[in-house]
Amino acid sequence: MAPEKTGRDGGVQSLQRAFELLERLADTGGEASLSELAATSGLPMPTIHRLIRTLVALGYVRQNANRRYALGARLIRLGEYASMQFGTWARPLLTELVDEVGETANLAVLERDEVVYVAQVPSKHSMRMFTEVGRRLLPHGTGVGKAILSQLPADEVRELLARTGMPSYTEHTHTDPDVLLKHLAKIAKQGYALDESEQELGVRCVAVPLTGAPTPAAVSVSGPEGRLTKEAVSRIAPVVQRIAATLSTQLTSAQVQ
């Protein structure tokens, strides 16, 4: 048996290429033809065909009726466990955030066009916000979702909104893509997003995106408007930004290692 070829960094080349193809499929929205994968990856067609055939056999890729290839269902289990581990890893910093600002802290990621809450540390107040871990919401109507969308190219945001629609959670929810895109530009400039009763009446949220995460993610603080006043936001936002920056730095360091 011939030895496995090694990549530039000493890793197994075929394994590197297989994961590259999975990433390419994700970048195309989850479906592509072999020729499209060849064009975007630069790999020879025989190599792509061999790797895709193996990934299909393992269940990580599937071939649709139109003969295009898509991400397979077996990846869902891996993604769910990775999200849970991500939340567990971030929990100490979320606890630090709660201790400092006194309100509930959340960590959410963008997964299949939805925001998924992967970790939460509740406030010690008797009246507090509970967004259960595992809950899925559309990003246009949440603070964490808007923070995440503010980091994506405008054309990608438009495509996502076209797929999901923009249903109204409350009368304050953004339902016009053009208005939302202008709002996202403001969020990107100021460095944090606000949910002003857009997902739930009487609730305000301050959310900050992570940078360098393997999947789009954001940290937030949420609470009743009576406590999380606009004046309180000016005090809390820099703290959330600091925790998000620390999470981003730790995450980048972990990926390098």
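The values are calculated or read from the model by the stated rules, or taken from the named source; none is laboratory data. These figures come from a predicted structure and were not determined experimentally. Ideal geometry is used to build each Cβ from the backbone, glycine not excepted, and the neighbour counts take in all protein chains shown. These area figures cover heavy atoms from the full protein model, side chains too; ligands, DNA and RNA do not enter into them. Shrake-Rupley method; radii C 1.70, N 1.55, O 1.52, S 1.80 Å.
Against the list (1) modelled with pLDDT of 90 or more; (2) within 26 Å of G72 (Cα to Cα); (3) among the β-branched types (V, I, T); (4) surrounded by 21 or more Cβ atoms within 10 Å (Cβ to Cβ), the condition T164 fails is (4). Please tell me if E132 is over 24 Å from P92 (Cβ atoms) and open to solvent by 60 Å² or more (accessible area, probe 1.4 Å). So E132 fails the test.
Test V109 against the stated conditions and say whether it is in contact (Cβ under 8 Å) with a residue 40 or more places away in the chain and either closer than 24 Å to R77 by Cβ or surrounded by fewer than 22 Cβ atoms within 10 Å (Cβ to Cβ) (or both). For V109, the condition - in contact (Cβ under 8 Å) with a residue 40 or more places away in the chain and either closer than 24 Å to R77 by Cβ or surrounded by fewer than 22 Cβ atoms within 10 Å (Cβ to Cβ) (or both) - is met.
All conditions but one from (1) among the polar types (S, T, N, Q); (2) part of a helix (DSSP H, G or I); (3) at pLDDT 90 or above; (4) surrounded by 14 or more Cβ atoms within 10 Å (Cβ to Cβ) apply to S248; the one that does not is (3).
The residues listed here are A218, A154, A232; of these, the one that is at pLDDT 90 or above, of a type outside the set (V, I, T) and in contact with an Asp or Glu (Cβ under 9 Å, 6 or more places away or on another chain) is A232. Scanning region 137-160 for residues that are open to solvent by 10 Å² or more (accessible area, probe 1.4 Å) and either charged (D, E, K, R) or free of Cβ contacts under 8 Å to residues at least 40 places away in the same chain (or both) turns up L138, P153, A154, D155, E156, R158, E159.
Report whether or not R24 is in contact with a Gly (Cβ under 6 Å, 6 or more places away or on another chain) and either exposed (fewer than 14 other Cβ atoms within 10 Å of the Cβ) or not β-branched (V, I, T) (or both). Taking the combined requirement at face value, the residue does not satisfy it.
Taking the criterion of being of a type in the set (S, T, N, Q), touching a Leu at 6+ places or on another chain (Cβ under 8 Å), closer than 26 Å to T88 by Cβ and not in a helix (DSSP H, G or I), would at least one residue in region 189-208 satisfy it? For region 189-208, residues of a type in the set (S, T, N, Q), touching a Leu at 6+ places or on another chain (Cβ under 8 Å), closer than 26 Å to T88 by Cβ and not in a helix (DSSP H, G or I): present. Count of region 175-229 residues, restricted to those that are among the β-branched types (V, I, T) and over 20 Å from the mean Cα position of the chain (by Cα), is 4. When restricted to residues that are within 15 Å of K124 (Cβ to Cβ), open to solvent by less than 10 Å² (accessible area, probe 1.4 Å) and either in a loop (DSSP other than H, G, I, E, B) or among the β-branched types (V, I, T) (or both), region 212-231 contains 2. Reported count of residues in region 1-28, each being closer than 24 Å to T215 by Cβ and modelled with pLDDT under 75, is 5.
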